[in-house]
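Q: I have a structure here, written as structure tokens, and I will follow up with some questions on it.
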Amino acid sequence: MKYGHRLVVVPIEQARPASGPVRTLSQNWLLAVEAAQQGFETNPLYYLLHEPIYCDGPGVSSRWAAERVQASLGPAWDYTTRLEAGAEPVLLTGEMVFSWMADDYAWLRPLKGAANLLAAKEDWGHVYNRSALASGTSPVAALVAYDDVYVERTFSEETAELLGGFPRVRLWVSNYFQHSGISDHPDAFLKLDEMGRWDEPQLV
């Protein structure tokens, strides 16, 4: 996240000539863009399980959730309506996965059938034992990014309550960090470690 915007902006800027319109894109630039997108092909489990892992209990299926939500939002999220000069910016979809990726990414094509089976699967077990989580006694400290682009802050707060809430669970809610706060700022772990030791005997 700290450098994520550069991965998008820099290649776009590099595609533009110093002056005049873009007439052709260099082979080197095209190969660089292709390489930047190969994560789905080299890490196919992400594509297969990104949505199904959230299916909690029987009767629940992912059914390509992001794709369904995107379609329900109308043309604003249809990039094909925003390709002409002067059009509104194309809206990005972050970590989401879509069924069409199994056609677009060559290495995912053999997994298309498996991906669709997982998307339709409804006989999931529960992801967590809520009673066990609520009855735990281990101290918990968590960093919650107030404006996290991937996880709603309220979801994190609800999870904290599921674990018993304060004082067992202590949240550090901050708008300084983003989704990758710990990896961007490893020193933040020191504060979390201190927050998680609230139940230890204190020397006087």
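Q: Report ³J(HN,Hα) in whole Hz for each residue of segment 172-185, in order, from the Karplus equation J = 6.51 cos²θ - 1.76 cosθ + 1.60 where θ = phi - 60°; Gly and Pro get x.
A: Each residue's phi maps through the Karplus curve to give 9, 8, 8, 9, 7, 9, 10, 3, 9, x, 5, 6, 6, 9 Hz.
Q: Using the basic label-point model (7 angstrom from Cα toward the beta carbon), what is the GLU95 to TYR176 distance in nanometres?
A: Here the modelled spin labels are 2.3 nm apart.
Q: Using DSSP to define loop residues, name the chymotrypsin sites (Phe, Trp or Tyr not before Pro) in segment 1-89 whose beta-carbon has at most 10 other beta-carbon atoms within 10 Å.
A: TYR3
Q: Run the dipole for segment 21-120 about the Cα centre, Lys and Arg Cβ at +1, Asp and Glu Cβ at -1, nothing else charged, and hand back the magnitude in debye, nearest 20.
A: 140
Q: Accessible area of the chain with a 1.4 Å probe: how many percent of it is carbon plus sulfur?
A: Solvent-exposed carbon and sulfur of the chain make up 58 percent of the total.
Q: At q = 0.11, 0.15, 0.23 Å⁻¹, what log₁₀ I(q)/I(0) does segment 21-120 have when each alpha carbon counts as one equal point scatterer in the Debye sum?
A: So the normalised log intensities work out to -0.44, -0.77, -1.28.
Q: How about segment 94-173: which chymotrypsin sites (Phe, Trp or Tyr not before Pro) there lie in a loop by DSSP and see at most 11 other Cβ atoms within 10 Å?
A: Those that pass, being in a loop and sparsely packed, are TRP100, TYR128.
Q: Additional query: With a 1.4 Å probe and every protein chain left in place, work out the accessible area per residue of the chain in Å², rounded to a whole number.
A: Per residue, the chain has 71 Å² of solvent-accessible surface.
Q: What shape does segment 93-196 take by its C-alpha gyration tensor, where a ≥ b ≥ c are the square roots of the eigenvalues and a/c under 1.5 counts as rounded, a/b above b/c as prolate, and the rest as oblate?
A: The shape class here is oblate.
Q: Need the full-extension length gain, GLU122 to PHE155, defined as separation in residues times 0.36 nm minus the C-alpha distance. One decimal, nm.
A: So the extension gain works out to 9.6 nm.
Q: Here's another thing I want to ask about it. Could you pull out every residue, at least 5 positions away or on a different chain, whose amide H is within less than 5 Å of the one on TRP172? Hs are placed 1.01 Å off N in the peptide plane, and Pro or chain starts have none.
A: Under 5 Å from the amide H of TRP172: ALA142, LEU143, VAL144.
Q: Moving on to the next point. Please report, in cubic angstrom per residue, the volume enclosed by the convex hull of the alpha-carbon atoms of the chain.
A: 180
The values are calculated or read from the model by the stated rules, or taken from the named source; none is laboratory data. Every value quoted in this text rests on a predicted model; they were computed, and no experiment measured them. Positions of Cβ are generated from backbone atoms using ideal geometry, with glycine treated the same way; all protein chains shown enter the neighbour counts. With ligands, DNA and RNA removed, areas are computed over all heavy atoms of the protein, side chains included. Shrake-Rupley method; radii C 1.70, N 1.55, O 1.52, S 1.80 Å.
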